[in-house]
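Comments concern the structure below.
Values in this text are rule-based calculations from the coordinates and carry no lab data. Quantities reported herein were computed from a predicted structural model and do not represent experimental measurements. Methodologically, a virtual Cβ is constructed for each residue, glycine included, from the backbone with ideal geometry; neighbour enumeration extends over all protein chains shown.
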Amino acid sequence: MSIVSARQVSKEYKLGKTTVLAVQKINLEVEKGEFVCICGPSGSGKTTFFNIIGCLDKPTEGTVQIMNQDVSGLSDAQLSELRNKSIGFIFQTFNLMPVLTAYENVEYPLWILGKEKRERRRIVLKMLEDVGLLEHKDHKPDELSGGQRQRVAVARALVTMPALVLADEPTANLDSKTGVAILELMRKMNDEFSTTFIFSTHDPQIMEYAQKIYHISDGRFIEEESRKRG
């Protein structure tokens, strides 16, 4: 089953009188259960493409299907529902809610889905334990280090057991030991539940886990690499 299908996707922005082509004619097929990396330097188009396949932005040209559903005709409410139920996001900038504790930030997606309070508590505590933050559950983001905030963001993305996880530089703020622990947690989800992961990264550590690597430069895929996952 195809989780993500992008066909001839392009995205352009207007900067004054200048047109910037952030993404150009990209094609991508990701099957259920795959571990995929999109690699490239800053400004190469990785984040723009991520926002498009995550239904946070729309392409100027081309089509995107998520789980065989063409998202171009969906309303904002339908796109929001799709994201809440099926897609987990790990943002490089965390995007945590500053007024909520670590526990409440991780709990929030479950609350949106209408999970019962006792069930929410069970799931959240287990997820915080998995990312090594149980003792910090009552701390707000400004009371946590950058690495701890990243782990909260990871827990929040995984807590609903989404079919697809989009991770933008998920190990950027983590030491190598914690990074490996987070990647092993993701691989466990991948193995046990066929969760599909797409990473935007230039971290060789993540690439070792990937089954496919797409190299992007100037908004275009320039190379595709298939490999045995480490």
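Net charge of the neighbourhood of Ser42, taken over other residues with C-beta under 15 Å away and scored Lys/Arg +1, Asp/Glu -1, is -3.
Of all stretches in the chain that contain no trypsin sites (Lys or Arg not before Pro) in a DSSP loop with at most 16 other Cβ atoms within 10 Å, the longest one is 33-226.
Close amide H pairs (under 5 Å, H built 1.01 Å from N) link Glu31 with Ile3, residues at least 5 positions away or on another chain. Within the chain, DSSP assigns beta bridges of which about 55% are antiparallel (rounded to the nearest 5).
Here the contact order of the chain, divided by its residue count and restricted to Cα pairs under 8 Å and six or more residues apart, works out to 28 percent. The Rg/Rh ratio of the chain, with both radii computed over alpha carbons and Rh defined as the Kirkwood radius, is 0.96.
Between Glu143 and Asp76, the FRET efficiency estimated from the beta carbon spacing at R0 = 30 angstrom works out to 0.35.
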